[in-house]
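Chemist: Supplied in structure tokens, the structure appears directly below.
The values are calculated or read from the model by the stated rules, or taken from the named source; none is laboratory data. Just so it is clear, the model here is predicted, and its values are computed rather than measured. Neighbour counts run over all protein chains shown; Cβ positions are idealised from the backbone, glycine included. Calculation scope for accessible area: heavy atoms of the full protein, side chains included, ligands and nucleic acids excluded. Shrake-Rupley method; radii C 1.70, N 1.55, O 1.52, S 1.80 Å.
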Amino acid sequence: MIQRDLLFNELQSLLFSSELEFEVKKPVVGRIAWSKGVLNEWRGTSLPDDNQLTDEYKKVLTQFQSSNKLGQTGKLDFKTERALLEQSALSRAGSSSSKVSQVLNEAKTKLEDWTDKAVIPAAKKNLILNTFRDPRQLTALVLHHMAYKVKDNKGAYSNPEKYVGVGAHFCIMLDGRIMQHHPVSRFIWHSNCTSLRSVGVEFEGNFPDIQGRWWYPTDKKTGKKIKINEDTPTQAQFESGRFLLTYLNAILDLKHVLAHRQSSKDRENDPGPAIWFNVGEWGMKNLGLSDGGASYKCGTGNPIRPEWRRQQPENKSSTTRDIGEQSVQTDSDRVLKNRRFAETLGWGKYVNQLNDIVLPYSGLSNVSLGEEAFARALAGWQRSKGLQDDGVLGPNTWTMLKKTMGLVVNAPKHSVTTSMPDRFRVLVPDLTKYRGNWPLDFLLAWIKKESDGSIKSHTSLDERGYFQLHPDESKTLQIDHPRLSVDRDYSIQAGIQLVNLRGKSAAKYAAILGVPTNGEVYLALTKLMHWLPYGVQNIVEVMKKKGFVPTSWESFKAFCAANSAEIQAGINRKGRWPLANGIKNTDDVLKYAKEFKQFV
């Protein structure tokens, strides 16, 4: 361990070679100093450029965590690091911000956070270190293939649980799932002399070389080769590798994409020609990255082979490929089948409720899964129920899911309340009992936006129940906070108390603006109060200052758009919550209300 640390310190003072020069962008290098720079840009503060853990730093970091709905630890934990990297990417993007935003949004479902589940095996304690780097110095992604795959206790491959001890930052399964096991800042000896300023990704499988030969381990006793699995990478892995490269290119100052063979004589076929051409060469062509040049290598490594730079023969199978004892479908095949079954079986209208059921199997929380991520999570749910884990919601899976969801079979076709999704229909009686003068469609829309009708929904800020009350709101209203997630009647009563509280404040602002308390502007103000009370205060102040009276929600939105800089500046005095997020949240609620209106 001491030798590793000494070598790490020595490498910090060196550059890889003239082809791989890395510039230190700031006088002070360090993970904390980097985070202070990001926070200063985000919050407009003046935290000193150093690596000191001061109270002021912890305070600003806690504010950032709160605004991103992260655990408010005041510590630079792994999830906070990722959020800061993404915040920094948006700040740097400039005119490309829409493209970067799209990538970051996709990453919410495509990059599964396994940092809480990853382990450091005893044999790898000298490889996976508790040393953390300045993300500004990370400028390369190194591609590896595992040269093996592991079955779980059901005989299936691509189970992330079997790879939590892999010595790389990311792993990409044969089915295309991307797992992040360690923060990019963690120092891992994954690629010899190119480890210092790089991130590593391992692809599940044992892939052939340019002659179509596979690597086999050697029996230590007999000296003979032991034949193991012979795999070829999947299209899903190519696509996921490209996405990961695109994501890292957005959040880091990425300059290079490298192969493990370039740093080790023992890894001549790592990651193999197919992965290199379809991910590495793709990154050079589409993202402007470099592999260091035709002759680049370091240590005992070897340059990229010329044959690796050419298109490899395609996998002959169409939508599935045999990987031992199971047939794995590509994401695109699953998606196409699910689209067809959603229409023919009729489960498409329950997609939000289905999302809640399979979400725990995705490794994510509080998100709407994309079609590919949904299929992968569904496969996990199917495994837990003893079904074929193909990720396709066909007849057998749908039959079991209908029972899980408690759907009413043969419900009256012309009943108004049964025309809406069941998870909302069952709430109507209690909402009607407690709602007072609040429009039923508005309350249903609030629930749809905040919890999508799932009483168990809760955020990292511990917002709970149908209406998503924050613990501070429960305290103010003297609500039993945990009960919000288990007692439907109680959760609805408490939610309407919250609406009443926000509505009372909204009425004061409506009076200031001179708008009635029985229209959509008042409803919008009420929902905006739930988003950020002092955000509403800033909006109203600017409207009053300019003599503007909103006569509709559309005019309200238009004013905020035209005066966003001034309004946002006022909000930023207390926290950097984007005005656009609050407007969209409220806009969604009012749109949902119009949809519910036809039923109620």
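Chemist: Please turn the phi angles of segment 432-443 into ³J(HN,Hα) values with the Karplus equation 6.51 cos²θ - 1.76 cosθ + 1.60 (θ = phi - 60°), one per residue in order, whole Hz, x for glycine and proline.
Modeler: Each residue's phi maps through the Karplus curve to give 5, 5, 10, 6, x, 9, 6, x, 4, 5, 5, 5 Hz.
Chemist: Ranked highest first by average number of other Cβ atoms within 10 Å, how do 345-352, 191-198, 388-395 line up? Numbers along the way, then the final one.
Modeler: Numbers: 345-352: 15.1, 191-198: 22.8, 388-395: 19.2.
Top to bottom by mean Cβ count within 10 Å: 191-198, 388-395, 345-352.
Chemist: Residue 523 accessible area, nearest 10 Å², 1.4 Å probe?
Modeler: Accessible surface of residue 523 is approximately 30 Å².
Chemist: Which whole-Hz ³J(HN,Hα) couplings does segment 176-187 yield from phi under the Karplus relation 6.51 cos²θ - 1.76 cosθ + 1.60, θ = phi - 60°, glycine and proline marked x?
Modeler: For segment 176-187, the Karplus-derived couplings read x, 5, 10, 10, 9, 8, 9, x, 4, 6, 5, 7 Hz, x marking Gly and Pro.
Chemist: Out of the total accessible area of segment 448-520 (probe 1.4 Å, heavy atoms of protein only), what percent is carbon and sulfur? Present the calculation step by step, with values, prior to reporting the outcome.
Modeler: Numbers: 1620 of 3410 Å².
The value for segment 448-520 is 47 percent carbon and sulfur by accessible area.
Chemist: Give me the orientation-averaged projected area of the Cα convex hull of segment 172-283, in nm², one decimal.
Modeler: 7.8 nm²
Chemist: Can you compute the helix-only [θ] at 222 nm over the chain? Use -39500 (n - 2.57) per DSSP H run of at least 4 residues, normalise by all residues, nearest 500 deg cm²/dmol.
Modeler: Helix contribution divided over all residues of the chain: -13000 deg cm²/dmol.
Chemist: Across bins of 10 angstrom width beginning at 0, how are the C-alpha pair distances of segment 414-505 distributed, in whole percent?
Modeler: For segment 414-505, the pair-distance distribution reads 18, 54, 25, 4, 0.
Chemist: Additional query: Please compute the per residue accessible area over segment 125-191 with all protein chains in place, 1.4 Å probe, rounded to a whole number of Å². Present the calculation step by step, with values, prior to reporting the outcome.
Modeler: Numbers: 1620 Å² over 67 residues.
Solvent-accessible surface per residue comes out at 24 Å².
Chemist: Given a 1.4 Å probe, how much area per residue of segment 499-600 is accessible, in Å²? If you can, show how the numbers build up before the last one.
Modeler: On the way: 4880 Å² over 102 residues.
Here the residues of segment 499-600 average 48 Å² of exposed surface.
Chemist: I'd like the distance separating the alpha-carbon centroids of segment 526-575 and segment 230-252, in whole Å.
Modeler: 42 Å
Chemist: Could you please state how large a percent of the accessible area of segment 54-142 is carbon and sulfur, counting protein chains only and using a 1.4 Å probe?
Modeler: Details: 2080 of 4140 Å².
Here it works out to 50 percent.
Chemist: Past the 28 Å Cα-Cα mark, which pairs from 504/545; 449/475; 99/265; 69/527; 225/265? Write out the running numbers ahead of the final one.
Modeler: Working: 504/545 23 Å; 449/475 23 Å; 99/265 39 Å; 69/527 18 Å; 225/265 19 Å.
As for pairs spanning more than 28 Å Cα to Cα, those are 99/265.
Chemist: Just tell me which aspartates and glutamates come within less than 14 Å, Cα to Cα, of residue 227; anything on the same chain fewer than 8 places away is out.
Modeler: 219
Chemist: Given the protein chains as shown and a 1.4 Å probe, how many square angstrom of residue 504 are accessible, to the nearest 10?
Modeler: 140 Å²
Chemist: Using the Karplus curve 6.51 cos²θ - 1.76 cosθ + 1.60 with θ = phi - 60°, work out ³J(HN,Hα) for each residue of segment 282-292 in order, rounded to whole Hz, and write x for Gly and Pro.
Modeler: So the Karplus estimates, Gly and Pro as x, are 4, x, 5, 6, 9, 10, x, 7, 10, 9, x Hz.
Chemist: While we're on this one: Calculate, in nm to one decimal, what residue 562 and residue 90 gain on full extension: separation in residues at 0.36 nm each, minus their alpha carbon distance.
Modeler: Values: separation 472, 0.36 × 472 = 169.92 nm, distance 2.16 nm.
So the chain would gain 167.8 nm between residue 562 and residue 90.
Chemist: Shifting gears a bit: Taking H placed 1.01 Å from N in the peptide plane, check which residues at least 5 places from residue 290 or on another chain put their amide H under 5 Å from its amide H.
Modeler: Residues meeting the amide H criterion: 256, 257.
Chemist: Per residue, how big is the convex hull of segment 100-176 when only Cα atoms are used? Give it in Å³. Please list the in-between numbers first.
Modeler: Numbers: hull volume 11.1 nm³, N = 77.
Output value, Cα hull per residue: 144 Å³.
Chemist: What do you get for the angle between helix 97-110 and the principal long axis of the chain? Use alpha-carbon atoms, 0 to 90 degrees, nearest ten.
Modeler: The helix 97-110 is inclined about 80 degrees to the chain.
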